[in-house]
Amino acid sequence: MTPERTVIRDALTDVPAGTVVTVAGWVRTVRTSKGGFSFVQVNDGSCLANLQVVADKELPNYDSEVVHLTAGTSVTATGKLVESPAKGQSVELHAEDLAVVGPADGEAYPIQPKRHSFEFLRSQAHLRPRTNTFGAVARVRSEVSGMIHEFFRSRGFVQVHTPIITASDCEGAGALFRLAADNREEGEDAEREFFGRPTYLTVSGQLEAETYACALGKVYTFGPTFRAENSNTPRHLAEFWMVEPEMAFCDLAGDADLAEDFLKFIFAGVLERCREDMEFFNTRIDKTLIETLTHVAETPFFRVGYTEAVEILSAADRKWEYPPRWGADLQTEHERYLTEEKFSGPVVVTDYPAEIKPFYMRINDDKRTVAAMDVLVPRIGEIIGGSQREERPEVLTERMSQAGLNPDEYWWYLDLRRYGTVPHAGFGLGLERCLQFITGLGNIRDVIPFPRTPRSAEF
RNA sequence: UCCCCGAUAGCUCAAUUGGUAGAGCGAGCGGCUGUUAACCGCUAGGUUGCUGGUUCGAGUCCAGCUCGGGGAGCCA
């Protein structure tokens, strides 16, 4: 493409007025005064704002093309950047050349210059990044992904690429997608297993991450994760991205400290680096967004034991659809009460009953609870789930058997405890839930480019 | 998977007690010498999600199905 192309973000901020530049992008709206000239709003995705291109009738293609420009058309424009005489933008581009690269039939183009419902835009997942909201989501998502690596690397964590295809059913993490090779030879056994054993798409990189933590000390994984649950909610996806740090020589308190520092780093960073996009979300999606994120980034998280949480809930002056009961998992209504009413902010709930948590969580001295933690945030609920891992081989074997798992199949996982075992802990953060909290978007399908949910994988 | 709600023009929605569908935006054309989701006028555009039923007559009532949304469960 044109090597001297200027991105619109730079044109609006960095380039001195008077400079001649070439920009390239997609038309958002056109306002034409037939007697004189047209105002063409061009967006190239480099930032939320459009560049206003002013085209007058002296342009050779004015009557033939410019006045017929429609939303969605790709264009290049060359001209001088000048201070805008009108309100709405600091600079505008006075076009000396405005060329159509690819036309878009205005009658058929689905993204009209008007407000669309998110439901409709989900059916246009290939074009929705051309809207303000989804362009902003994409930029914020990218920035958050970058900051995740930044946070862990700056603290000495090593990134480990754990496998997507796995034979281990990380018990407690939900239903699995079973893999089947699709290239069988004629007459070959339909039940043939490519890997010689049943394999699945991973539900968590945790078990594999533990092996590297027990060698390199501090590690993290960041990649796609799959759950075959028939979940139909605004908080669940069949394919989502998860961040999973794992630390050797670390207990539950250290794990919770890391989770808190991590979230604060991300929230503060996104406010600083994605100012324009965040202000857009604050204006259009949730008017309390920036205030909430700022508050969360600056205030210590509340920490409360599960047992105490149940007592708080039982003492609360309200009717519960599911009355809190020691031994039962916290209901959505309970989590919302804790984060939205009792503490008005993130809450870390620790030490859950052993029966409701997976085999790998460390049994506490009271024998009835495990060193687990959930970080709950307003509106979303659980954003992080983690634990200190059971490092005592005999206790772990016992827990596996109780859970109905065959310890022999986890021989390599048990080896970590047989040879130089150490206390270790980690957690999992759902990237999309984090992005929901950051952007204020109510449906998780709107913070991932191509959402996979039951009955939906078109794009 | 369970419980509610919904599906009408390209999009967002209207349509009294069942009486053969309207508006805004968008699009096309015209008007307006700087507009900001511009504005004004005209035009085109619909087998009311699908299948069946009740009725003289169904967008409207009933049943099933499909898809979507919200709540719950599962979890991140």
TODO: Any chance you could check the Cα centroid distance between segment A:314-358 and segment A:401-453 for me, in angstrom?
DONE: 21 Å
Task: Computed magnitude of the charge dipole of segment A:179-308 (debye, nearest 20; Cβ of K, R +1, Cβ of D, E -1) - done: 440 debye
Open item on the list: Kirkwood Rh and Cα-based Rg: tell me the resulting Rg over Rh for segment A:1-87, rounded to two decimals.
Closed with: 0.94
Task: Anchor A:K114: lysines whose Cα lies under 26 Å away (excluding residues fewer than 8 positions away in-chain) - done: A:K34, A:K87, A:K287
- [ ] Count the net charge of all other residues whose Cβ sits under 9 Å from the Cβ of A:I448, scoring Lys and Arg as +1 and Asp and Glu as -1.
- [x] 0
TODO: Of the options A:S168, A:T288, A:G217, report the single residue whose Cα projects farthest towards the positive end of the charge dipole of segment A:128-446 (beta-carbon charges: Lys, Arg +1; Asp, Glu -1).
DONE: A:T288
Open item on the list: I need the trypsin sites (Lys or Arg not before Pro) found in segment A:405-459, filtered to DSSP loop residues with at most 12 other beta carbons within 10 Å of theirs.
Closed with: A:R455
- [ ] Mind running the shape call on segment A:134-267? Use the C-alpha gyration tensor, a ≥ b ≥ c as the square roots of the eigenvalues: rounded below 1.5 for a/c, prolate if a/b tops b/c, oblate otherwise.
- [x] prolate
Task: 37 °C / 0.692 mPa s Stokes-Einstein diffusion coefficient of chain A, Kirkwood radius on C-alpha pairs, µm²/s - done: 130 µm²/s
- [ ] Quick one: P(r) of segment A:61-190 from all Cα-Cα pairs, 5 Å bins, percents rounded to integers, in order of increasing distance.
- [x] 2, 7, 9, 9, 11, 13, 12, 9, 8, 8, 6, 5, 2, 1, 0, 0
TODO: Just order A:125-131, A:409-415, A:111-117 by mean Cβ neighbour count inside 10 Å, highest at the front, would you?
DONE: A:125-131, A:409-415, A:111-117
- [ ] Mind jotting down a quarter of the surface of the convex hull over the alpha carbons of segment A:310-355, in square nanometres, one decimal?
- [x] 3.2 nm²
Open item on the list: To the nearest 20 Debye, how big is the dipole of chain A about its Cα centre, given +1 on the beta carbon of each Lys and Arg and -1 on that of each Asp and Glu?
Closed with: 1040 debye
Task: Whole-number percent relative contact order across chain A, with pairs defined as alpha carbons under 8 Å at least 6 apart - done: 13 percent
Open item on the list: Averaging over every viewing direction, what projected area does the convex hull of the Cα atoms of segment A:201-254 cover, in nm²?
Closed with: 4.6 nm²
Open item on the list: Output wanted: per-residue J couplings in Hz (rounded whole) for segment A:282-299, from phi through Karplus 6.51 cos²θ - 1.76 cosθ + 1.60, θ = phi - 60°, x for Gly and Pro.
Closed with: 5, 7, 9, 10, 8, 5, 9, 4, 5, 4, 5, 5, 4, 4, 5, 5, 10, 10
Task: For chain A, calculated [θ]222 nm from helices alone, where every DSSP H run of n ≥ 4 adds -39500 (n - 2.57) - done: -8500 deg cm²/dmol
- [ ] First obtain the Kirkwood hydrodynamic radius of segment A:239-345 from its Cα pairs, then insert it into the Stokes-Einstein equation at 4 °C and 1.567 mPa s, and state the resulting D in µm² per second as a whole number.
- [x] 79 µm²/s
Task: Under 18 Å from the Cα of A:K367 - lysines, other chains or at least 8 residues apart - done: A:K357
Open item on the list: Which residues does the label zone of A:F450 cover in segment A:109-131, counting backbone N under 12 Å from a point 7 Å along Cα→Cβ?
Closed with: A:125-127
Task: Distance between segment A:213-254 and segment A:365-389 - C-alpha centres, whole angstrom - done: 13 Å
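Throughout, read-outs are computed from the coordinates displayed, never taken from laboratory work. Model, not experiment: these values are computed from the prediction. Every residue, glycine among them, receives a Cβ derived from its backbone with ideal geometry; neighbour counts consider all protein chains shown.
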